[in-house]
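In what follows, a single structure is set out as structure tokens and then discussed.
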Amino acid sequence: MSGAPSSGGTRTTAPYAARHETSRGRRYPEPVSEHRTEYQRDRDRVIHSNAFRRLVYKTQVFVNHEGDLYRTRVTHSMEVAQIGRSIARALALDEDLTEAISLAHDLGHTPFGHAGQDALNECMREYGGFEHNLQSLRVVDEIEERYADFPGLNLTYEAREGILKHCSVNNARQLGELGQRFIERRQPGLEAQLANLADEIAYNNHDVDDGLRAGLIEVDDLRDVRLFARHHDAVRAAYPELAPRRMIHEVIRRMINEVVLDVIDTSEERIARAGVASIDDVRAADGPLIAMSAVVHADHVALKHFLGEHVYRHYRVLRMTTKARRVLRDLFDALFDDPRLLPEEYADNARAAEAELGKAGRARAVADYVAGMTDRFAMLEHRRLFDPGERT
Ligand code: MG
């Protein structure tokens, strides 16, 4: 099995890459496609899903109506996929699988970014909690309705393994084979490790851009961050007359490039040192093999802390997140207290889930409904439920 290169689409992948020919398969077996690999099909299924289209109107950091230039979850996911694919190609990993995981990683995100996720987790505290990674898996396994023969998108094991990047041990116990690695502390395949890291690289850098655009931070503040200062110095020296916007974009471009090149070099080294010859070797390795070097990782973390302090905890962002938490809490409480207020299809789901699992079933059905909302739909639904002047 290992040793011979695999043909991932038209490209040749390394023996330690995920290989669609030896995939652990789909939950519901399907005939193979004549022209597409299994991972291409995964990627295509994600793109055609309802949940993917809704990401257009879901917040990354800035609420969708704040401006047209800010990242939303869909543009964030596309940037993750771009970074992931570039690195996958350099390391001879499966690009399609990397892209599938990248595009699907946030499908379970609530409206209003992390504030929404925290609020829903609080609402669900007595009923098993709410984790957006687990919800992404629920979306592709259960919630999407696109096939006559099975629920969900029926993705491959390798894609599902990548989508579930974190999971509490309690929840992992209920997931069978897929949850096993969180209990045994094993690694996922390299494409999954890569999509996870590409996510971090993408948001760390685009939140600098969005934070500057929103006026939450200034270039002068950012100069305290080594990674930024280093490239800012270089760009200023080479192009002293450059207009501020282009200056920022040139700096961010170089920051991403430095981290990406570092991930490629560091991962190549780690893969060689670990001597892995198959995805099973990768899964059994001591730690992740896709990684930044210690030096670049320290820079990356410093930037992340800077953003935490100056962007995510900026009073204007906090006002937004406070409102968002209130809206989600109101929606959940109203619909949980009286599920008859849900649209018929969802009310039916809630009734069926409650008959099977009691109040926890009802809560999960309400959480699925609320989590699926876009920012603007959540605001509209809130007015419909609480503002007597709004049409219902
Ligand atoms: Mg993300």
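The values are calculated or read from the model by the stated rules, or taken from the named source; none is laboratory data. The model shown is predicted, which means the values in this text are computed figures rather than measured ones. Positions of Cβ are backbone-derived with ideal geometry, glycine not excepted, and every protein chain shown enters the neighbour counts.
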So if I check each of GLU356, GLU381, which one is under 23 Å from GLU144 (Cα atoms) and crowded, with 20+ Cβ neighbours inside 10 Å?
GLU381
Matching residues, the stretch 326-342, being in contact with a helix residue (DSSP H, G or I) (Cβ under 9 Å, 6 or more places away or on another chain) and surrounded by fewer than 18 Cβ atoms within 10 Å (Cβ to Cβ)
ARG326, ARG329, ASP330, ASP333, ALA334, ARG340, LEU341
With respect to GLU122, determine if the residue is crowded, with 24+ Cβ neighbours inside 10 Å, acidic (Asp, Glu), part of a helix (DSSP H, G or I) and away from the ligand (no atom under 13 Å from the Cβ).
no
Determine if the stretch 125-140 includes at least one residue that is in contact (Cβ under 8 Å) with a residue 60 or more places away in the chain and in contact with a strand residue (DSSP E or B) (Cβ under 7 Å, 6 or more places away or on another chain).
yes
Touching a Lys or Arg at 6+ places or on another chain (Cβ under 9 Å), part of a helix (DSSP H, G or I) and surrounded by 13 or more Cβ atoms within 10 Å (Cβ to Cβ) - does that describe any residue in the stretch 306-318?
no
Residue check: is ASN171 surrounded by 18 or more Cβ atoms within 10 Å (Cβ to Cβ), away from the ligand (no atom under 16 Å from the Cβ) and at pLDDT below 95?
yes
Between a residue in the stretch 192-217 that is part of a loop (DSSP other than H, G, I, E, B) and any residue that is within 16 Å of the ligand (Cβ to nearest atom), which pairs come within a Cβ distance under 7 Å, given they are 6 or more apart or on different chains?
ALA214/PHE62; LEU216/VAL311; ILE217/VAL311
Being in contact with a Lys or Arg (Cβ under 6 Å, 6 or more places away or on another chain), under 26 Å from TYR369 (Cβ atoms), away from the ligand (no atom under 16 Å from the Cβ) and not acidic (Asp, Glu) is the requirement here; does ASN154 meet it?
yes
Criterion (part of a loop (DSSP other than H, G, I, E, B) and surrounded by 24 or more Cβ atoms within 10 Å (Cβ to Cβ)) met by exactly one of VAL80, VAL61, VAL32, VAL46:
VAL61
Taking into account only those residues within the stretch 174-199 that are among the charged types (D, E, K, R) and closer than 16 Å to ALA88 by Cβ, which is nearest to the ligand (Cβ to nearest atom)?
ASP199
Restricting attention to the stretch 241-297, and to residues there that are without any contact (Cβ under 8 Å) to a residue 40 or more places away in the chain and assigned to a loop (DSSP other than H, G, I, E, B), which single residue is nearest to LEU212 (Cα to Cα)?
ALA243
Test ALA115 against the criterion of being farther than 11 Å from ALA195 by Cα and either within 14 Å of the ligand (Cβ to nearest atom) or in a helix (DSSP H, G or I) (or both), and give yes or no.
yes
So, first residue more than 23 Å from TYR312 (Cα to Cα) in the stretch 90-118, second residue within 15 Å of the ligand (Cβ to nearest atom) and among the basic types (Lys, Arg), Cβ within less than 9 Å, six or more apart or across chains; the pairs are ILE101/LYS165
